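In what follows, a single structure is set out as structure tokens and then discussed.
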Amino acid sequence: MVRIATAAGGGFAAFYTFYTTASSTLDGTGISAGTRVGIVMLVVVAVQPLLLLGRNWIKNRRLAVMLALTSMGVGSAILPVANQWPGSLLLGLGFGVFVVMSTVWVKEQAAPGQTGRALGTYGFGSAAGGALGAPIGLYAVEHGGQLAVAIVGCAFALCALIPARQAKTVTEDGSISQAADAPAKSTSTGPLAAQRASSAIVVVSISLLGHLLAVSLYAAVLSSVGTTSGAWLPVLAALVIQVCLAPGRLVGGHLSDRYPPLVILVLAVGLLALSTVGFAVITSHLGILVAVAVIGFASGVGQTAALTAMMRRARTPRATETASAGWNIAFDGGLGIGALAAGWVTIQG
């Protein structure tokens, strides 16, 4: 589990190196940075449903994750080529495969009754990677431009191959813990089965909506910190929001194993919304840092709570893949929405 989380850290560090530097590296390319990132996120989102169609060819989770990391590494390496289009699209393609397969891999390795903790550990690793990638990317672009960003992103992705290669895989039938946290499958039919299906649809819908909102607000703030005043504030704010996201995901997983995940999600989104308003109106450096810290933590709690709620209803490998794809599509869509919103606010301001 720890090795998968470590690999996730490398993968997310590689992606966030690109994501947080887009506003600087894409200036003067004929298209706004927000639009470019939005296009990349469309690629990330578009590839994820295709994984469900080709699930018979991607049963080996380790191989799928390693191929995705390789794609991200190559994409990062060629970012300076051809106005960044080939590299950014290849990076987006690899990231789309990576987030779905790594999340499924974690769920299948989770011990019974500890789905939330397993997903929280994975979320901690991925957020920690973002905490490294975001400020390091900003530092790299400031001192070395596009080439430095390419080198750093490639190094993160390729180094993540080491723990991914060492991590355990599920058994051939992929059934290690598909029933973790889920009650025994009912053989009943009729009204009771229909009621359970309707309940599951409601839970998943609320989870996806809350998750999308949590990620969009977080991404909008993360994309905006680069425009804050001061030589050190943008880098420090990006670091703070990512550092606080990591324990937020870990805490969210533990809380979701003890309390209803949807309750945790609603509380987290409410706190996140209030903190985002605070970030928008506060002008002091200390106030901005406090606001982004709360935003990162609350978003992390909400993201893991939403994922746990969805995964608890995934009782088969296909259901697990579908839940993972749905959560990650909402996550990636939120990143795109947040980037577009931040770009629009910058233009209006």
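Quick notes on this structure:
- Put simply, of L340, L289, L272 the only residue that is buried (at least 24 other Cβ atoms within 10 Å of the Cβ) and either of a type outside the set (F, W, Y) or within 25 Å of V100 (Cβ to Cβ) (or both) is L272.
- Close pairs (6 angstrom Cβ cut-off, 6 or more residues apart or separate chains): at negative phi and modelled with pLDDT of 90 or more in the range 131-154, surrounded by fewer than 17 Cβ atoms within 10 Å (Cβ to Cβ) and not charged (D, E, K, R) anywhere: L147/P80; A150/P80
- Criterion: in a helix (DSSP H, G or I), touching a helix residue (DSSP H, G or I) at 6+ places or on another chain (Cβ under 9 Å), touching a residue at least 60 places away in the same chain (Cβ under 8 Å) and of a type outside the set (D, E) - qualifying residue of A309, A314: A309
- Residue in the range 156-213 that is nearest to T17 (Cα to Cα), counting only those that are at pLDDT below 75 and in a helix (DSSP H, G or I): A197
- Top-ranked residue in the range 84-96 [being within 18 Å of E321 (Cα to Cα) and either buried (at least 24 other Cβ atoms within 10 Å of the Cβ) or small (G, A, S) (or both); ranked as farthest from the chain's Cα centre (by Cα)]: G94
- Considering only residues in the range 293-336 that are β-branched (V, I, T) and touching a Leu at 6+ places or on another chain (Cβ under 8 Å), the one that is modelled with the lowest pLDDT turns out to be T322.
- When S32 is tested against (1) touching a helix residue (DSSP H, G or I) at 6+ places or on another chain (Cβ under 6 Å); (2) of a type outside the set (K, R); (3) within 17 Å of G336 (Cα to Cα); (4) at pLDDT 80 or above, just one condition goes unmet, and that condition is (4).
- Among the residues of the range 113-128, at least one is modelled with pLDDT under 85, in a loop (DSSP other than H, G, I, E, B) and surrounded by fewer than 23 Cβ atoms within 10 Å (Cβ to Cβ).
- Residue check, G287 more than 19 Å from S205 (Cα to Cα), free of Cβ contacts under 8 Å to residues at least 12 places away in the same chain, in a helix (DSSP H, G or I) and over 21 Å from the mean Cα position of the chain (by Cα): yes
- Matching residues, the range 305-349, being among the β-branched types (V, I, T), within 20 Å of V65 (Cβ to Cβ) and out of contact with any Pro (no Cβ under 8 Å at 6 or more places or on another chain): T320, T322
The values are calculated or read from the model by the stated rules, or taken from the named source; none is laboratory data. All values derive from a computational prediction rather than experimental measurement. Positions of Cβ are backbone-derived with ideal geometry, glycine not excepted, and every protein chain shown enters the neighbour counts.
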